[in-house]
Amino acid sequence: MGWTNSVIWFLCLSVSECLQLPDSKSVIHGEVQSPQYPRPYLPNLLRKWDVWVPEGYQIQLSLKHLDIKASSGCHQDSLTVLYDQNVLGKFCGQENSTDHPGKEPILSQGNKLTLIFQTSDFNPELQQHIGFSATSKAIDMDECSQPDPGDGSGPLCSQICVNTPGSYRCSCHHGYKLHLDQRTCLISCGGHIFDNNEGHLASPRYPHPSPPLLSCLYIITVAPSLTVTLNFTDNFHIDSIDTEQGPSCVRHWLQVTIPDREPMKLCGGKSPGLIATNSNTVRLDYHTDVEGLSRGWSLDYKMFFCLVDKIKSMKLVTEETITDCGEPEPLLNGGLIFLSGFQNQLWSVIQYHCNEPFYTLPGGVNVTFTCEADRKWRSNQNVTPTCIPVCGKPTKLISTYQRIIGGSDAPDYTIPWQVLLNIDGGRGGGMVIGDRWIMTAATDLTHDGKPVSNETVRIYMGPTDVKTLMGSPVYAASFHIHPEFNNTNGLDFNHDIALIKLQDPITFNSSIIPICLPAEGATYVTGEMGLVSGFGIMKIYPPRLTNKLKYMHLPVVDQETCSNSVSKLKKTRDNVPRLTNNMFCAGVPEGGQDSCLGDNGGPYALRDDGRFWAAGIVSWGVDCGKQGTYGVYTRVTNYMHWINKTMQEN
């Protein structure tokens, strides 16, 4: 399903050498040598090596031996070392020549290096130069020692930076907390309760300007027979915007909340003076933004006994009303903690959190609720918290390149979006894109031009072992095949995309995590390595299905090269499908690595900013891993409008 009359395939390995770093702290060494080394190299060579180590490490490259035909500027035969398109060195000659770097190793600025060895046209019988031999090793980058880039972004960590293997982490001094950006330290000023009969409060750092991004909470609460009076000092300034109606508290404010009254937002340069609350409980919320500047505020508070003749005109909080707000609403795929107060009682403050690292709150914003005087839990954000799945971030990463045909097994938890489809006894692939949605190829869900029946499809996900995997199927509620897909003759794979809605939602864990959908403006860069995976055949002749999930890395192929390879096949074969702009190729020209039968509908994943995204769907090809041919994949970015519309309407 999805292949031509020959055989169709999956992913492959380029002429790259990949350094991996295991869990131990030992350093991995690699070696790169010119072709035929230590025998003389041949003319008209152009060979490229991409050397990679995990993010957070650098590559130290040492030339142990150099014997390349010398020429002015090394313009004939040469070894060129590049980092990110920038030339770090170009070498020729022998060990003691001026073009040799001596014993000084080359250190990359990041986690990759490219080596290019190029030779000119010469008589090989007269050529006796043997080329080069180089060693490389991964060096842990000390991010904390890096200087301030001077672009206004500031240091990596605003207070304390701790270097870790392959990365770093930030921490803060006592009295500060780490902001959501995981690098900025903010003054910790949340959840303070004051129950003395008198006292003094002030904004952080007062009388100096308040820090940005504050979210402070102060609660004053005393016995029901007392009332609270606030007396603000004259030195009062909270950033505001002047309007005809007075100061508008847009970016900064101090909100005073008294039971049974509308909250008061204070800002501007005029002190509120004395505020008699006629209540035994007052809540103060102080907020500052990254923009604007507030010089702050201070106040004294005191308690007074209620006079008998005023009791009738005051609505005091009595013992009867200080019961509680009941149990807070539970949070699906999350939980809550109490920041202050007694459980569920008046002015208790709770904070919701999601089950990390599989779920997060939208925007990473903390959502707190307070048990207020009307016995209801009310939010600081005026929103109901919802835990959304974290996409494209497996709990374990693959660090080596492999091929699918004859390749290695995928370790557990490394490709958690992989789906195995059993369609009327045949195998297909797919990928998880939401808690009730699977994306696959339209070819998997059609037969003789008609959709297959829901009852004939079983969906499996989680374990990487087929026997374990097939013990717990899930079932489809509906199929959604792209309306323009029409492949009745087996030669038209245009719009080869479909969605499956599941009967029941998935709870994500290390074994099952959705892959990200393409971001707006996502691109396919020629040569970028993508991760392909599947449960298809391991051998072509005789065909043999795998019992384990297989994976490999294949580079994106230039669209013109892809088109030329298909045109060349059409000259020698009948029944070769057409290539459209809704497709792209991946693979290497020498063949030997590919996807194959049973991989149809599976994922081609690219990684950007630490997350894997669904760039392609395994669609079709001619022969598995044959020289001069490539795998053809559905270009997912062309279908984002249809994907979003389908999921929203169903």
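Would you point out which residue out of Leu299, Leu331, Leu361, Leu346 is under 29 Å from the mean Cα position of the chain (by Cα), modelled with pLDDT of 70 or more and more than 24 Å from Thr184 (Cβ to Cβ)? Break it down stepwise before answering.
On the way: Leu299 fails: under 29 Å from the mean Cα position of the chain (by Cα); Leu361 fails: more than 24 Å from Thr184 (Cβ to Cβ); Leu346 fails: under 29 Å from the mean Cα position of the chain (by Cα).
After applying the criteria, what remains is Leu331.
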Legend entry - Pairs, first assigned by TED's automatic domain parsing to the domain that holds Gly631 and over 12 Å from Gly602 (Cβ atoms) in the stretch 534-554, second of a type in the set (Asp, Glu) and at pLDDT 85 or above, C-beta under 8 Å, six or more apart: Asn547/Asp465; Lys548/Asp465
Inset, instruction - Kindly indicate whether Asp289 is acidic (Asp, Glu), under 18 Å from Cys189 (Cβ atoms) and modelled with pLDDT of 90 or more. - result: no
Legend entry - Failed item in (1) part of a strand (DSSP E or B); (2) at pLDDT 85 or above, with Ile193 passing the rest: (2)
Inset, instruction - Look at the stretch 231-246 and say how many of its residues are surrounded by 13 or more Cβ atoms within 10 Å (Cβ to Cβ) and over 19 Å from Pro209 (Cα atoms). - result: 1
Legend entry - Pair list, Cβ < 6 Å and 6+ apart or interchain, from the stretch 414-432 residues that are in contact (Cβ under 8 Å) with a residue 40 or more places away in the chain to residues that are surrounded by fewer than 24 Cβ atoms within 10 Å (Cβ to Cβ) and of a type in the set (Asp, Glu): none
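Picking from Gln146, Gln128, which residue would you name as being modelled with pLDDT under 80 and more than 20 Å from Gly73 (Cβ to Cβ)?
Details: Gln128 fails: modelled with pLDDT under 80.
Checking each option against the conditions leaves just Gln146.
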Inset, instruction - Check whether at least one residue in the stretch 118-131 is of a type in the set (A, V, I, L, M) and either assigned to a loop (DSSP other than H, G, I, E, B) or over 30 Å from Leu42 (Cα atoms) (or both), and report yes or no. - result: yes
Inset, instruction - Could you list all residues from the stretch 35-69 that are crowded, with 16+ Cβ neighbours inside 10 Å, under 43 Å from the mean Cα position of the chain (by Cα) and among the aliphatic types (A, V, I, L, M)? - result: Val51, Val53, Ile59, Leu61, Leu63, Leu66
Inset, instruction - Just name the residue that is modelled with the lowest pLDDT out of those in the stretch 202-232 that are over 16 Å from His252 (Cα atoms) and not in a strand (DSSP E or B). - result: Ser225
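Can you find a residue that is surrounded by 14 or more Cβ atoms within 10 Å (Cβ to Cβ), within 27 Å of Ile398 (Cβ to Cβ), in contact with a Phe, Trp or Tyr (Cβ under 9 Å, 6 or more places away or on another chain) and not hydrophobic (A, V, I, L, M, F, W, C) anywhere in the stretch 75-94? Walk me through how you get there before you give the answer.
Our first condition is that a residue be surrounded by 14 or more Cβ atoms within 10 Å (Cβ to Cβ); within the stretch 75-94, this holds for 76-83, 88-94.
Add one more test, that the residue is within 27 Å of Ile398 (Cβ to Cβ), and what stays is 81-83.
Checking the rest, the ones that are also in contact with a Phe, Trp or Tyr (Cβ under 9 Å, 6 or more places away or on another chain) come to 81.
Retained after the next criterion (residues that are not hydrophobic (A, V, I, L, M, F, W, C)): none.
No: the stretch 75-94 contains no residue that is surrounded by 14 or more Cβ atoms within 10 Å (Cβ to Cβ), within 27 Å of Ile398 (Cβ to Cβ), in contact with a Phe, Trp or Tyr (Cβ under 9 Å, 6 or more places away or on another chain) and not hydrophobic (A, V, I, L, M, F, W, C).
Among Asn422, Asn494, which is the only one that is polar (S, T, N, Q), outside the structural domain of Tyr359 (by TED's automatic domain parsing), farther than 17 Å from Gly602 by Cβ and more than 29 Å from the chain's Cα centre (by Cα)? Before the answer, list the steps.
On the way: Asn422 fails: farther than 17 Å from Gly602 by Cβ.
So the residue among Asn422, Asn494 that is polar (S, T, N, Q), outside the structural domain of Tyr359 (by TED's automatic domain parsing), farther than 17 Å from Gly602 by Cβ and more than 29 Å from the chain's Cα centre (by Cα) is Asn494.
The values are calculated or read from the model by the stated rules, or taken from the named source; none is laboratory data. If you're wondering where the values come from, they're calculated on a predicted model, not measured in any experiment. Neighbour counts are summed over all protein chains in view; Cβ atoms, including those assigned to glycine, are modelled from backbone coordinates with ideal geometry.
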